[in-house]
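What follows is a set of notes on a single structure, which appears directly below.
Readers should treat all values here as calculations from the given coordinates under stated rules, not as data from a laboratory. Here the structure is a predicted model, which is why all the values come from computation and not from measurement. All Cβ positions, glycine included, derive from the backbone under ideal geometry; neighbour counts span all protein chains shown.
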Protein chains: 4
Amino acid sequence: MSPGAPAASGRDVQGSRPLRADAQRNRTRILDAADAVFAVKGPTASTEEIAQRAEVAIGTLFRHFPTKEALVEAVFVGRLDALAEQARSLAGAADPGAAFFAFLTEAVRQSTIKHTFADALADAGVNLHAYEGTVAEAIRDLQQSIGELLGRAQQAARVRVDIDVRTLIALIAGAAHAIGYASQDPAIERLVLSVTFDGLRPPVSP
Amino acid sequence: MSPGAPAASGRDVQGSRPLRADAQRNRTRILDAADAVFAVKGPTASTEEIAQRAEVAIGTLFRHFPTKEALVEAVFVGRLDALAEQARSLAGAADPGAAFFAFLTEAVRQSTIKHTFADALADAGVNLHAYEGTVAEAIRDLQQSIGELLGRAQQAARVRVDIDVRTLIALIAGAAHAIGYASQDPAIERLVLSVTFDGLRPPVSP
Amino acid sequence: MSPGAPAASGRDVQGSRPLRADAQRNRTRILDAADAVFAVKGPTASTEEIAQRAEVAIGTLFRHFPTKEALVEAVFVGRLDALAEQARSLAGAADPGAAFFAFLTEAVRQSTIKHTFADALADAGVNLHAYEGTVAEAIRDLQQSIGELLGRAQQAARVRVDIDVRTLIALIAGAAHAIGYASQDPAIERLVLSVTFDGLRPPVSP
Amino acid sequence: MSPGAPAASGRDVQGSRPLRADAQRNRTRILDAADAVFAVKGPTASTEEIAQRAEVAIGTLFRHFPTKEALVEAVFVGRLDALAEQARSLAGAADPGAAFFAFLTEAVRQSTIKHTFADALADAGVNLHAYEGTVAEAIRDLQQSIGELLGRAQQAARVRVDIDVRTLIALIAGAAHAIGYASQDPAIERLVLSVTFDGLRPPVSP
DNA sequence: GATGAATGAGTTTTCATTCAT
DNA sequence: AATGAATGAAAACTCATTCAT
């Protein structure tokens, strides 16, 4: 599991005392397993399968996440945090345009693994008002870090000024989807990114 | 239900005599219901719910579609046929560029109703080799009619020549996804389409 | 279908006017189909399959036999009649012992095709009191014709005198079952018949 | 439930740790219920009915036996084990002929409860090659223990030497069938056994 | 009478969730 | 806290039987 993976999320559950060491370890294992299984089978994968992969009993899974939905959300938040982290790490780059498009490429690639995430990302990114709790928090955080990158790229005249963060997130999810199907075909992947990037550039001034 | 809706599909099942009037009516009701329910809840919606909405017994549903998969495919084929029909109706237009972008707009809007369709569309469009039967047939038909529009627009220098049909279908699905979440927000819809269109245009020659 | 097959049964349904020619033909087709299908798949075979094999609509099947049970019974009666016919054709033979064992061999072989029949035969043969209608009638008829053969063989001192018709029918069904499993293995078939025959012979007088 | 009944089977599922006390209790209840229900209604009885009789939820039944087939097999193996146990307990008897016929009587009586078992017994006994897993194992075990009894009885000149284990099992099943129907009538039961026993004895040397 | 579409209770199986150990 | 067995409400699918055409 790469650094920045969901389980490494530092987001604290408010109001709960720190977990015992073994409990914390189980929580991490469950999140990692869920992340992997959801990525392959989508969110209809069974909790039982996740528990098995995490090598914990099903009861343990439900002790940590009272419903399946809670688990799905936690995985989602983990991915959002990882994305936001990535955006922040590019925030100070010398070339704002390069940083922006580099982030875009990476974000699309990561979302590509499984549509579920792209779906959830776009939905949350665009309809933040419909969310609450940790998801809303994570999205707000992500929007801010992406906003930073976007703003700088726009100031550097590398991106159309009429694009806002919510539209950008929608575009990322869309491109991820488009590419997701063509996993065998690098040509399509390149073309989709190319079209999206070109469409984002400011119009050539006459 | 708009004209060209799935139930109106003219694709004939080979070798079966025409259905009795009442059976045809039920088949249509089931397809319409499935189309509507899948649009809202995705393909995991239960066959029972669809049967209820169609006001037929569950046995009737399974008489018409022997497995759930067959029903899902039939709905899908219906939508593909409607799209292809649309492409064909624009094929002879005087302005190939306008026709192309008009089709794109319409295709994205229709796919937007539910991601399921966009997903399936892109998957089938890109990975046609993985399909067979009526779905493969419908996709091939759609690819051809879209190809026509695309080819003319490229000859008229209104679309980049490096785009092929498969990439285009992937882009349509991607844009549909992106927009799908922003159903409340026409601004995002406009921007996503604008970015996609601009990205598709041929580079300005210096 | 060999002569003597169930459909050829001459047993009249009491009180019903003679069937129209085409109806009679359909009745025959259904019975033949049911006989064949039940022989292969047992009585859990679906009515639909039988109708298809008979090339009639399912509604036609149920017009002739108001319940599946009625159809099963009719097939059964057909086989009982065929057996009884066979017994009668041997009744006048010169050698009563040979006639008896020839019948036995034939009866076992025929019942062997499918255990269902052996089961039903034994049950009806032994527990005649539990049956009524055409089945009871057919069994009584069969018991009488077998009784004839048995009586003569006993008088000729070729069969133990303590055997009665009901026991004999049970033994036939039992042997048929035993052999049914060994359809691949003629050795077992021969041995089972040999044991049964030997056991039926009168004890050697000292 | 007599000792040696299916639930008491000592056959261990390899590789699985011993069940928790309550789970073992439920497993036993389910097996006992299945044994009883199958005996009355045959193997088409519904899993739901078995679960009800065992007073467990349907999910519990399927946790213990992942398919209905697995349950049917487990019941079958239980009975086979009980029979083999019985054969073994008679193996050392002083009088091999008496032991052999005592076993036969008992085996027929037990198989008589329901034809399903006799059917399965004969099929597996004769066509062992078509089985695998625990069923094959149990049958092999049974064949061996019966073979022992048979061999000794043959050496003592109490049974025809041309009989082999497979034929013997077929005969047991056949007799069980024959008797099964005559449960009300001890006379028939006695006669069927008598015929079978007599048929198995070696021919009187002149 | 024949047809075959419609019905709906019943079947096996899955799975999120609870709770005794 | 962890375990994993138990629960029971679905879910997809079947099939004997009915009834409109």
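List of remarks:
- Contact order normalised by residue count of chain D, Cα under 8 Å, 6+ apart, percent: 20 percent
- Per-selection Rg to Rh, the stretch B:14-66 - Cα, Kirkwood hydrodynamic radius: 1.00
- Crossing angle, helix D:115-126 versus chain D [Cα axis fit, 0-90 degrees, rounded to tens]: 70 degrees
- Prolate/oblate/rounded call for the stretch D:106-160, Cα gyration tensor, a/c under 1.5 rounded: oblate
- Summarising the label geometry, the points placed 7 Å from Cα in the beta-carbon direction at C:A187 and C:Q144 lie 4.5 nm from one another.
- Residue-averaged [θ]222 nm for chain C, counting only DSSP H segments that reach four residues, each worth -39500 (n - 2.57): -23000 deg cm²/dmol
- On Cα atoms only, tilt of A:21-41 relative to the major axis of chain A in degrees: 50 degrees
- Centroid-to-centroid separation of the stretch C:116-143 and the stretch D:114-186 [C-alpha atoms, Å]: 27 Å
- Simple spin-label estimate for A:R63 and D:D198 gives 7.3 nm between the two label positions (7 Å along the Cα-to-Cβ direction from each Cα).
- Along principal axes, Cα extents of chain D, largest first, whole Å: 66, 39, 30
- Applying the criteria of a DSSP loop state and at most 13 other Cβ atoms within 10 Å to the GluC sites (Glu not before Pro) of the stretch D:77-167 yields D:E132.
- A simple spin-label model places pseudo-atoms 7 Å from Cα toward Cβ; at A:A130 and C:S89 they are separated by 7.8 nm.
- Overall, the ratio between the Cα radius of gyration of the protein assembly as shown and 2.2 N^0.38 Å, rounded to two decimals, is 1.35.
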